[in-house]
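Each value in this text was obtained by applying a stated rule to the coordinates, not by laboratory testing. What you see is a predicted model; the values in this text were computed from it and never measured. Because the Cβ atoms are built from the backbone with ideal geometry, glycine has one as well, and the counts that use them run over all protein chains shown.
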Amino acid sequence: MEGLKAKFEGLSEEQQLEFIKLIMPTVCARFRQDPQQMMKTMMPFCQDLMRQFNMDGPQMMRMMMANVKPQP
């Protein structure tokens, strides 16, 4: 996993975004497959990240949604 992470970090910002868009359907499918297990696994991880970056849930949502344009 660390090797994959290092390769990802070696990509340009544009390439990183393209990669994230490419894998998002797989991530969503994984959540749909077993939502309880994913929440059990991911919530502590996300909470640690929010603490690390001094954010709470609403702050993170505002940051993520700040530049989202409404869909027609």
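Per-residue ellipticity at 222 nm computed for the chain from its helices equals -25000 deg cm²/dmol, with DSSP H segments shorter than 4 residues left out and the rest contributing -39,500 (n - 2.57). Of the options (i) -0.88, -1.13, -1.18, -1.29; (ii) -0.72, -1.00, -1.07, -1.36; (iii) -1.25, -1.35, -1.30, -1.13, only one is log10 I(q)/I(0) by the Debye sum over Cα atoms at q = 0.19, 0.23, 0.24, 0.28 Å⁻¹ as computed from these coordinates, and that is (iii). The charge dipole of the chain, taken about its Cα centre with unit charges on the Cβ of Lys, Arg, Asp and Glu (plus for the first two, minus for the last two), comes to roughly 260 debye.
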